[in-house]
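> Right, I'll just put the structure down here and ask away after.
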Amino acid sequence: MMVNQFLLIAALLFSLGVYGLLVRRNVVMVLLAVELMLNAVNINLVAFEAALRSSMAVGQIFSLFVITVAAAEVGIGLAIVLLIFRNRQSANVDDFDLMKY
Amino acid sequence: MKSVFVLAAEEAPHGAVELASGGVLAQWAGLMLVLPFAAFLLIIWRGKHMKYKGAEFAIGAMAVNLVMATALFISNMVEGIFHEEHFEIAKIGLWEGKNLIFELGWVVDGLSIMMYFVVSFVGLLVFLYAVGYMHGDVRVTWFFASLCLFAGSMLVLVGSANLVQLIIGWEGVGVASYLLIGHYWEQKENSSAAIKAFLVNKVADVGLVLGAIYVGLSLGDFRFSTLERAAVEGDAVLAGVAAAAGLLLFFGAMGKSAQFPLHIWLPDAMAGPTPVSALMHAATMVTAGIYLMARTFPLYQNLAGDIEILGSLDVRGLMVIVGAITLFGMGLLALVADDIKKVLAYSTVSQLGYMMTAVAAGGYTAGLFHLFTHAFFKALLFLGAGSVIHAVHSNNMSDMGGLRKDMPTTFWTFSIGSLALAGIIPLAGFWSKDEILATLDYEGYQAVMWIAVAGAFVTAFYMTRAVALTFFGTYKGHGQPHESPSIMTTPLIALAVPSVIVGFFNVPGVKLGGLGNFTEWVGARSVPMGDHHAEAIDWRLAAFGLAAGLGGIIVGWLIFGRDAETQAARDKVEVPVLYPLLRQKYYMDHAALGVTGFIKGPTARAVNWINTYVIDGVVNGVGAVVKALGGLVYNGLDQRGVDGIFNGIAAGSDSAGRALSRLQTGRVQNYATGFVVGALVLVLIVVVAA
């Protein structure tokens, strides 16, 4: 079985995520971009599991874990975004410079 | 109680009865030394709240002391006493294998008993007198406290069984003297007099301290009993140091006992209240020097004709000459003083000269007997003078006159004192002065004896002058003088009695029944004193002394008595050269000021110049070099080198931190960019490496 096409899709998806992460100013969009990157990794895991025919189904188990962690991460992330928005009346990531020197 | 040492002398002196231990009385004699100090503390503590401002404590302590001293005095009459107690306080150190020990204690023998009695007797009467005299005065409580301090120190001095304790008492009376002379310190001249007394005594004290150290180190022991025994046994070590140590101790005695030329403090000490003058500067404190000579008498006995200095003059000859100058030259000064207390002060100096001459010539008993009689009649004279001063509010005889009708008790007692001092038979002064003349005659100091006879003439002369100017003629002062209250006249009468009778204590060859005589009483020492005693009175010498005394009175009366009312009476006898010389006190004060002035003036300036330009120059030069070197090290090495390194590191860290902190934008996406770039670089490295 060929894995290249899957890897290509995943790389594309990851690059889109990186791009979104770096250029989007809306913090919700940034979080969505992070999700894209995570899912690109999931595609890779599943593709390699299928290609290598592992009897343990490690890739699938791992991707399930990633999905769980991503869900938790989004939960926390959205909660933080919500609180910052309440304080600053803004969802623009450029306004979030509390950790400046 | 450590090292209690009791000694009964094996050989009784002068064939007297063997010395007794003195029993419980002697064992508790130390109480007399302590009681005045207890009274001092009580006065300080409670005195201000008492009716008589603390005098009660002083008088109480003195009364107890007098009872003990009298009991001892009588016991000593019956049977000679010798008893010592030593309490080891500290080990001072080792000297040539001998342990030097600092001890306190007391000695009870004929000499100290006599002094206990004199100090307590005169002390008690003066304390009583002072209650009246100082009534309503400033700082009465402190006055009595100081008097107690004095009495205690004096008893510590005379009761001491060793030289170290003697010095403690000696300095104690010096301090008390300083405090009491300067009692009215608001006036500058009074505090100056106090300082003068203290400083002159300090000069002499150097001699005492050095002498004591010299004797103590030579014998390995500071006890008098050791010194006495060594002297009597002819100890070679002691004989070697005796001349020098004797001179040093004599120098100490010269200060306290106001011997020429260290007498200059005593007339000025009259700035103190009159009771102080009576007790300290007439009866007791100034006799401390004579006491020291008597206490160390065996040391001087050994010196007789042994060691010669200044050609044919030996140490004792020198001492006799100092005493002779003092007794005659200072007596003359009393002739011109207007201040009645100064008259008595110079008289005291002169009489101390008699005592010193006698003791130095070898008349242990003669000197002490004069000390004993003099204490009574001179205290009497001072208290009488105080009574007059109290009445007329002036010290000057030019403000007095005609007081015999207004103050009969003072007049009669003062006259008795004057006659006793002038040496008129049968009063006390006649017998003691006669004994001194006899001693000088026997010991071969004929020339000095004639000076002493001349001194007796002068004594009678100035006392007649004082009596005439004070009690005869017309009153020249202000207000109406009255007789003093009975608390002041009673001590006068109480002192007049011994001034009359104590002379009979030592009529040559006569003993008072089973009680012996003064010679035996003060002869009760651990060793025999070995001085000469005449078997019978030498009427030839007595006649000289008596004639001198009567002559002085007659001449004095002829000059001052007949027209004592006029000031001119005194000027009439002004001898051209002598009078100004005497008025200026032989320029002794000028000489002393010259010496101190030379020290203060040219010497001090020279020293100052050397100090400023030589010593300071060297010191400043060294300082400047060190400072320059320091500057070099500081600026070059420390500031630029060491500090530069650390400052550079700090500055570098600081600027680096400031620059790098720019990276901390706080923006998440900047960090993410860096993260991605970093990851890409890693990927690139992996790809290239592969």
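Readers should treat all values here as calculations from the given coordinates under stated rules, not as data from a laboratory. Everything quoted here is computed from the prediction, not taken from an experiment. Glycine gets a Cβ as well: all are built from the backbone with ideal geometry, and neighbour counts include every protein chain shown.
> Per the Kirkwood definition applied to all pairs of different Cα atoms, how many angstroms is the hydrodynamic radius of the range B:219-301?
Computed over the range B:219-301, the radius equals 14.1 Å.
> Mind sorting A:R24, B:R640, A:R86 by how few other Cβ atoms lie within 10 Å of their own Cβ, fewest first?
A:R86, B:R640, A:R24
> Is the C-alpha gyration tensor of the range B:25-130 telling us rounded, prolate or oblate? Criteria: a/c under 1.5 is rounded; beyond that, a/b larger than b/c is prolate, otherwise oblate.
oblate
> Tell me the label-point distance for the pair B:R139, B:S653, using the 7 Å Cα-to-Cβ offset, in nm and rounded to one decimal.
So the label points at B:R139 and B:S653 sit 6.7 nm apart.
> With a Cα-only, solvent-free Debye model of the protein assembly as shown, what are the log10 I(q)/I(0) values at q = 0.05, 0.08 Å⁻¹?
Summing over Cα pairs of the protein assembly as shown leads to -0.41, -0.71.
> Here's another thing I want to ask about it. From the gyration tensor of the Cα coordinates in chain A, what semi-axes in whole Å does the equivalent ellipsoid have, largest first, with each one equal to sqrt(5λ)?
33, 15, 8
> Angle between the Cα long axis of helix A:58-88 and the longest principal axis of chain A, 0 to 90 degrees, nearest 10?
Once rounded, one gets 10 degrees.
> Using R₀ = 35 Å, calculate the FRET efficiency as 1/(1 + (r/R₀)^6) where r is the Cβ-Cβ separation of B:V67 and B:K98; round to 0.05.
The value I calculate is 0.30.
> Turning to a different aspect of this structure: What 222 nm value per residue comes from the helices of the protein assembly as shown, counting each DSSP H run with n ≥ 4 as -39,500 (n - 2.57) and dividing by all residues, nearest 500 deg cm²/dmol?
-22000 deg cm²/dmol
> Can you give the FRET efficiency to the nearest 0.05 for B:I425 and B:H482, using r as the Cβ-Cβ distance and R₀ = 25 Å?
Efficiency, from the Cβ-Cβ distance: 0.15.
> To continue, here is another question. For the range B:81-86, in order, what is each residue's ³J(HN,Hα) by Karplus, 6.51 cos²θ - 1.76 cosθ + 1.60 with θ = phi - 60°, in whole Hz (x at glycine and Pro)?
Taking θ as phi minus 60°, the curve returns 10, 9, 7, 10, 10, 10 Hz for the range B:81-86.
> While we're on this one: Can you classify the range B:425-553 as rounded, prolate or oblate using the Cα gyration tensor, where a ≥ b ≥ c are the square roots of its eigenvalues, rounded means a/c under 1.5, and otherwise it's prolate if a/b beats b/c and oblate if not?
oblate
> Please go through the range B:61-147 and write out the trypsin sites (Lys or Arg not before Pro) that DSSP classes as loop and that have at most 14 other C-beta atoms within 10 Å.
B:R139
> Which whole-Hz couplings ³J(HN,Hα) result when phi for each residue of the range B:333-344 is put into the Karplus expression 6.51 cos²θ - 1.76 cosθ + 1.60, θ = phi - 60°, listed in order with x for Gly and Pro?
Running phi through 6.51 cos²θ - 1.76 cosθ + 1.60 with θ = phi - 60° gives 5, 5, 6, 10, 6, 8, 5, 4, 6, 5, 4, 5 Hz.
> Under a plain spin-label model, where a point goes 7 Å from the Cα along Cα-to-Cβ, how far apart in nm are A:D95 and A:A71?
For the pair A:D95/A:A71, the computed spacing is 3.2 nm.
> Then there's this: Considering amide H positions built from the backbone, and no H for Pro or chain starts, which residues 5 or more places from B:N162, or on another chain, come under 5 Å of its amide H?
B:F224
> Let me ask another. What is the helix-to-structure angle for B:408-422, meaning the angle in degrees between its Cα long axis and the longest Cα principal axis of chain B, kept from 0 to 90 and rounded to the nearest 10?
The angle comes out near 90 degrees.
> For q values of 0.06 Å⁻¹, compute log₁₀ I(q)/I(0) with the Debye formula on a Cα-only model of chain B, without solvent.
Values returned for q = 0.06 Å⁻¹ are -0.40.
> Counting other Cβ atoms within 10 Å, which GluC sites (Glu not before Pro) in the range B:443-547 have at most 10 and lie in a DSSP loop?
B:E535
> Still on this structure: Classify the range B:65-189 from the C-alpha gyration tensor, please: rounded if a/c falls under 1.5, else prolate or oblate depending on whether a/b exceeds b/c.
Taking the square roots of the gyration eigenvalues as a ≥ b ≥ c, the range B:65-189 is oblate.
> Moving on to the next point. Let's test the formula: R0 of 35 Å, r as the Cβ-Cβ distance of B:V510 and B:L558. What FRET efficiency results, to the nearest 0.05?
0.45
> Specify the angular offset, from 0 to 90 degrees and rounded to the nearest 10, of the alpha carbon long axis of helix B:163-181 from the longest principal axis of the alpha carbons in chain B.
Helix B:163-181 and the main axis of chain B meet at about 90 degrees.
> Moving on to the next point. List the residues whose amide H sits under 5 Å from the amide H of B:D339, counting only those 5 or more places along or on another chain, with H placed 1.01 Å from N in the peptide plane.
Result for B:D339 returns B:M397.
> For the range B:492-499, just list the computed ³J(HN,Hα) in residue order, Karplus coefficients 6.51, -1.76 and 1.60, θ = phi - 60°, integers in Hz, with x standing in for Gly and Pro.
4, 5, 5, 8, 5, 4, x, 4
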